[in-house]
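Coordinate-derived values only; no laboratory data. Computed from a predicted model, the values in this text were never measured in an experiment. Please note: Cβ atoms are built from the backbone with ideal geometry, for glycine as well, and neighbour counts cover all protein chains shown.
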Amino acid sequence: MKDYLFLKKQDKDIYEAVMGEEKREAEGLELIPSENYVSRAVREANGSVLTNKYSEGYPGKRYYGGQEFTDEVENIAIERAKKLFSCKFANVQPLSGAPANVAMYFALLEPGDTVLGMDLSHGGHLTHGHPVTSISKVFRFVRYKMKDTSTGEIDYDELRKTAKKEKPKMMLAGFSAYSRELDYKKIASIAREVGAYSVADMAHIAGLIAGKAVKNPFDYGFDVITTTTHKTLRGPRGGMILTRADKEIAKKIDKAVFPGLQGGPHMNNIAAKAVCFAEALTPAFRKYAKQILKNAKAMEGVFLKKGVRMLGGGTSNHLILLDVYGSLGITGAEAETVLDEVGMTLNKNVIADDTRSPMDPSGIRFGTPAITTRGFKESECKRVAELMLLTLENKDNAKKKKEIHSEIKRMCKKFPVPDKFV
Ligand code: DSN
């Protein structure tokens, strides 16, 4: 490959692993809802000489010299992020989603303060206070759940009661395995009522918000949004914290990111974020975001027809969570393995109040961001859902699985991973 001339000569082991991954990505269907394919331009910025530079501080206020180009890069990234998400302040330095959340907690809370966030098995995220995380030792996390797993609805009256009782300093809206849209207006109003910050972790749906395919929490008065940049937003691995309007909040966040938590920002990564933000500002990206939703709906139709249980009853975003254990008697881990064998990569996932273990739970989680990047439309996505079920029904039938794998390889060949989007 012409991109890797030096690597190939110098380090065969890593070169071969990279080539293996390139082939895997090209020849299989990427259905993990938090993954995507970035453009060559994003990869070039990420692989640029900016990786050589230390830039502690912020544009115009750095600790080391030689910052004329890093300042330019970071300022461009900030301006584009603000435009993309309609807000006044952006910190583009968080190295990923988890450090973005940790910095955000330390910016806005004192140790011992209470955060009201979504339960992990109901769709929340580890960094929203799961007991295995270090931050759960610092702050007090109280969880809310879906009222009804067949609709995904949250009981907002109950949430208000819990907020009044628990007196959180922060109300957290956001998820990594929830297929419906949250009522940001209600959550923001409860937060105001109890004097809490309203924060949305939109890591999964950042691209859908940027593409105006789903609601922007800032339009409903949310104070802060944290996100990653590498999921639906289709950028490099990284994080970001946005503040809607309050300068004092933005200042606290900047301080909490650096020097509070991190050292030198990864400027190559920030450059790649800027490139991805410019891509996301285009009409083509809006079309992409809307197609992600249409494609997920097309998959939903297949599972509805076959009576396979979806948590939340279906999807209003990019992902679906299937109860494969309850519906088909196959565990999440088994399903993940057998689907991988035929070229469909997704992940096992706990479902609401799962009785099984996280390493072999009842569910699988998958989504349409990456296959939509490949150019799949509704008809291909419907076929992918059918092939998923066909594989699970024939999990011990080697001949059938071989046929399915061949069909998937043909689909991948017909829709190669693109190099550019603008
Ligand atoms: N690992 C990410 C996901 O798959 O949702 C979230 O951290």
Calculate the length of the line joining the C-alpha centroid of the stretch 374-400 to that of the stretch 263-277, in whole Å. 37
What spacing in nm lies between the two simple spin-label points modelled at Asp148 and Ser189, each 7 Å away from Cα in the Cβ direction? 2.0
Once you list every other residue whose beta carbon is under 10 Å from the beta carbon of Lys186, what net charge do they have if Lys and Arg are +1 and Asp and Glu are -1? 0
Setting aside same-chain residues fewer than 8 positions from Lys231, which lysines have a Cα under 16 Å from its Cα? Lys212, Lys273, Lys290
With contacts defined as alpha carbon pairs under 8 Å and 6 or more residues apart, what's the relative contact order of the chain in percent? 23
Most to least packed among 308-317, 132-141 [average Cβ atoms within 10 Å]: 308-317, 132-141
With respect to the cross-link table entries Lys137/Lys186; Lys145/Lys167; Lys164/Lys186, which display a Cα-Cα separation exceeding 20 Å? Lys137/Lys186
What residue among Lys215, Lys147, Lys290 shows peak mean-square fluctuation when the chain is described by a Gaussian network model with Cα springs under 10 Å? Lys147
Summing -39500 (n - 2.57) over every DSSP H run of at least 4 in the chain, dividing by its residue total and rounding to the nearest 500, the 222 nm mean residue ellipticity is -13500 deg cm²/dmol
Below 8 Å between Cα atoms, with a sequence gap of 6+, how large is the relative contact order for the stretch 298-422 in percent? 25
